[in-house]
Amino acid sequence: MVITRNLKPWDGCGECHDLDGVAPNGHFPNLAGEKTAYFLKQMDDFRTGRRQNDHGQMGVSSRDTTGKALDSVMAYFAALPSPVSQPTSGISPEETDHSKTLATAGNRAEKVPACFGCHSTVPKHEFAAPCLEAQQAGYLEKQLGDFRTGKRVNDPEAVMQKIARRLGDRDAAIISAYLGSLPRGTACGVVP
């Protein structure tokens, strides 16, 4: 029997995302300081089956966390200090410059819009897009791969699926590392 008395609604989330909202590895996303609108959309998508994760635990968690409990979880993680950015490794200065260009200006020739066009405080669209800065690079790279292969399909108007298909494996790796190296608040507007 699992004893749940005196547990806070976010205690279960801490098993994978840690109670400080900074995941212990790149398999799980950092939740600290995340936008509440994005958090709510993802929980709804997991609950309804529009989004799935590798082992299905988020489907169960999202169905068990609703109403006031979900509001408490969302408020708890959103109020945490933003995660610390991660140093890049294995990326050349040229690749860092290329990643910065992708993030801020995109690549018109490849029809890849700027990441910060949607993932910023003043997005060009009304999508509930997440903060990308200081996110786990491994998590970001996996999500791009999942969008590319159609394993993840809960993006509005299939925007991320289209973008991910236009990025090569190396671009996905370097942009993920670059975004993880930025302090949160660069474009997301969440103050560390």
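Using the Karplus relation 6.51 cos²θ - 1.76 cosθ + 1.60 with θ = phi - 60°, the per-residue 3J(HN,Hα) values for the stretch 34-47 come to 6, 5, 5, 4, 5, 4, 5, 4, 5, 4, 5, 5, 5, 4 Hz, with x marking Gly and Pro.
Which value in deg cm²/dmol, rounded to the nearest 500, describes the helix-derived mean residue ellipticity at 222 nm for the chain, given -39,500 (n - 2.57) per DSSP H run of n ≥ 4 and division by the residue count? All intermediate terms of the calculation are to be shown ahead of the outcome.
Working: 8 runs with 84 residues, N = 192.
Value at 222 nm, helices only, nearest 500: -13000 deg cm²/dmol.
Amide hydrogen proximity for V112: with H placed 1.01 Å from N in the peptide plane, the residues at 5 or more positions away or on another chain lying under 5 Å are N107.
Taking only protein heavy atoms into account and a 1.4 Å probe, give the accessible area per residue of the chain in Å².
Numbers: 10380 Å² over 192 residues.
Using a 1.4 Å probe on heavy atoms only, each residue of the chain averages 54 Å².
Exactly which trypsin sites (Lys or Arg not before Pro) in the stretch 1-83 are in a DSSP loop and have at most 10 other Cβ atoms within 10 Å? Filter output for the stretch 1-83: R5.
For the pairs K8/K162; K41/K162; K8/K124; K68/K100, note any where the Cα-Cα span goes beyond 31 Å. Mind showing how you got there, number by number?
Numbers: K8/K162 39 Å; K41/K162 20 Å; K8/K124 37 Å; K68/K100 40 Å.
The answer is K8/K162; K8/K124; K68/K100.
Starting from the Cα gyration tensor of the stretch 117-192, take the square roots of the eigenvalues, sort them a ≥ b ≥ c, and report rounded, prolate or oblate (rounded when a/c is under 1.5, otherwise prolate if a/b is larger than b/c, else oblate). Oblate, because a/c is 1.5 or more while a/b does not exceed b/c.
Sum up the charges of everything whose Cβ sits under 10 Å from the Cβ of A32, counting Lys and Arg as +1 and Asp and Glu as -1, but leave A32 out. Intermediate values should be presented prior to the final figure.
Working: positive: R184; negative: D18, D20, E34.
The answer is -2.
In this structure Y38 has an accessible area near 30 Å², from a 1.4 Å probe over the protein heavy atoms. Its Cα centre serving as origin, the chain has a Cβ charge dipole (Lys and Arg +1, Asp and Glu -1) of approximately 500 debye.
Can you sort H98, H17, H55 by solvent-accessible area, 1.4 Å probe, largest first? Intermediate results must be reported in sequence, preceding the final value.
Working: H98 65, H17 20, H55 145 Å².
From most exposed to least exposed: H55, H98, H17.
For the chain, C13, C16, C115, C118 have no disulfide-compatible partner, since no other Cys C-beta lies under 4.7 Å from theirs.
The values are calculated or read from the model by the stated rules, or taken from the named source; none is laboratory data. The shown structure was predicted, so the numbers you read here are calculated from the model rather than taken from an experiment. Ideal geometry is used to build each Cβ from the backbone, glycine not excepted, and the neighbour counts take in all protein chains shown. Quick note on the areas: whole protein, heavy atoms, side chains included, nothing else; ligands and nucleic acids left out. Shrake-Rupley method; radii C 1.70, N 1.55, O 1.52, S 1.80 Å.
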